[in-house]
1. When both residues are 6+ apart or on different chains and their Cβ atoms are under 6 Å apart, which pairs have a first residue that lies in segment 178-192 and is on the phi < 0 side of the Ramachandran plot, and a second that is among the acidic types (Asp, Glu) and not in a helix (DSSP H, G or I)?
2. Quick one: which of Gln289, Gln204 is in contact (Cβ under 8 Å) with a residue 60 or more places away in the chain, polar (S, T, N, Q) and either loosely packed, with under 13 Cβ neighbours inside 10 Å or out of contact with any strand residue (DSSP E or B) (no Cβ under 7 Å at 6 or more places or on another chain) (or both)?
3. Any residue in segment 306-328 that is more than 27 Å from Ile205 (Cα to Cα) and either of a type in the set (A, V, I, L, M) or modelled with pLDDT of 95 or more (or both)?
4. Just to be sure, is Asn19 part of a helix (DSSP H, G or I), surrounded by fewer than 22 Cβ atoms within 10 Å (Cβ to Cβ) and either in the same structural domain as Ser349 (by TED's automatic domain parsing) or touching a strand residue (DSSP E or B) at 6+ places or on another chain (Cβ under 6 Å) (or both)?
5. Scan Phe358, Phe333 and give me the residue that is surrounded by 11 or more Cβ atoms within 10 Å (Cβ to Cβ), more than 29 Å from the chain's Cα centre (by Cα) and touching a residue at least 24 places away in the same chain (Cβ under 8 Å).
6. Identify, from the list Ile205, Ile225, the residue that is in a strand (DSSP E or B), closer than 26 Å to Arg53 by Cα, among the hydrophobic types (A, V, I, L, M, F, W, C) and modelled with pLDDT of 70 or more.
7. Of all the residues that make up segment 319-328, how many are farther than 21 Å from Ala4 by Cα and in contact (Cβ under 8 Å) with a residue 24 or more places away in the chain?
8. Failed condition for Met335, given (1) under 18 Å from Phe13 (Cα atoms); (2) outside any loop (DSSP other than H, G, I, E, B); (3) aliphatic (A, V, I, L, M), with all others met?
Amino acid sequence: MSGAIKNRYEFIFLFDVKNGNPNGDPDAGNAPRQDYETGKGLVTDVCLKRKIRNYVDITKNNQAPYEIHVREGAFLSEHHKRAHLAIENETIQLAVPMDLVDEFKAYESYPDGITFSDQNARPCLILSLAGLEETEKQVKDLKEKKKKEDTENKKLISPAAKAKLRELFIDSKEKKAAQWMCKNFFDVRTFGAVMSTGDMRCGQIRGPVQFGFAESVDSIIGKEIPMSRTAAVSVDDPDQKGLGARKSIVPYGLYRVHGYISAHLASQTNFTEDDLAMLWSALLNMFDQDPAAARTGMHAQKLIVFKHIGLEIEEKQKENQAKLGCAPAQKLFEMVNVELINKDKPPRSFDDYKMNDFSDIKSKALALGVEAIEML
């Protein structure tokens, strides 16, 4: 895969729903989520991430490096076990706290799997990731040997040093496992993950791609549609056939969501240009690949991306600006104005809305060192 992205991004994504339920609220009988003070509809970030995960799963067949960690029917702890098994034969360097340096230097020998090096700027231990338990077993064997043979004069790890070593080792092993998870799972290196549960932990990762809640441009009105059933459930109660469920829908709603992509966090998870292209593809196509009776009327309508490219003449300064950003995200979002054309009648399609001229948005953004891209 290519290297991590070098630019900061923000984006505005518009999607709509017609006679469907974009995101039901389980605490309100699965009615469309809504801000009851403004009447505007809501779609959670978790809902949108689920659709992106599903799209990547479908298009990449859940194969590395595009596996999906949070996948329907999957057991998260099994993925963590795979990570630990994959790295068990690797080695790792642990920086040694200065208060332990003298004690480590005094060793005449080490248990198998541990070596000491002071060739670097800071002394470090080099350990095998086969497991600290094996290291402890070696220490125990040496202690038993020392008891039996007085001629053995090997300085062993003190309990305090051993405790600190274990703490360092476990922390570093989790980091190694987290790196493996990032390498193989698209949603981990994209959205991050909390993987600090179970026996084989992989720590916590902050993902570079984050969404806010999607909010409808105008207020919505949720409707409940009664459904009848012609078939009875059981031969013991044939009269139940007329009873049916109720279906919640939004007659029409245009939703707007803001997204953020951090180049700094991308460098930590190795979120690449290829991953970025997959994200854009998912946003543009995920509704078409996620049909359901309640969501057949959902469509992507507009995707505007702001790519920070920098203003400074010197290349190094320009690269730093591109990574950290050249303008506040909110200033960029404010450039895009979407409003209803005729406020006297309720909207029923995307054509009932208008957006300010994109060429004007592009020139204003470029003056700030940001490239505006209309992807849809």
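1. Cβ pairs passing all conditions: Asn184/Glu67; Phe185/Glu67.
2. Result: Gln289 is the single residue among Gln289, Gln204 that is in contact (Cβ under 8 Å) with a residue 60 or more places away in the chain, polar (S, T, N, Q) and either loosely packed, with under 13 Cβ neighbours inside 10 Å or out of contact with any strand residue (DSSP E or B) (no Cβ under 7 Å at 6 or more places or on another chain) (or both).
3. Within segment 306-328, one or more residues are more than 27 Å from Ile205 (Cα to Cα) and either of a type in the set (A, V, I, L, M) or modelled with pLDDT of 95 or more (or both).
4. no
5. Residue meeting the stated conditions: Phe358.
6. None of the others qualify; the one that does is Ile205.
7. 1
8. Condition (2) is where Met335 drops out.
The values are calculated or read from the model by the stated rules, or taken from the named source; none is laboratory data. All values reported here derive from a predicted model rather than from experimental measurement. All Cβ positions, even for glycine, are placed from backbone atoms using ideal geometry, and neighbour counts span all protein chains on display.
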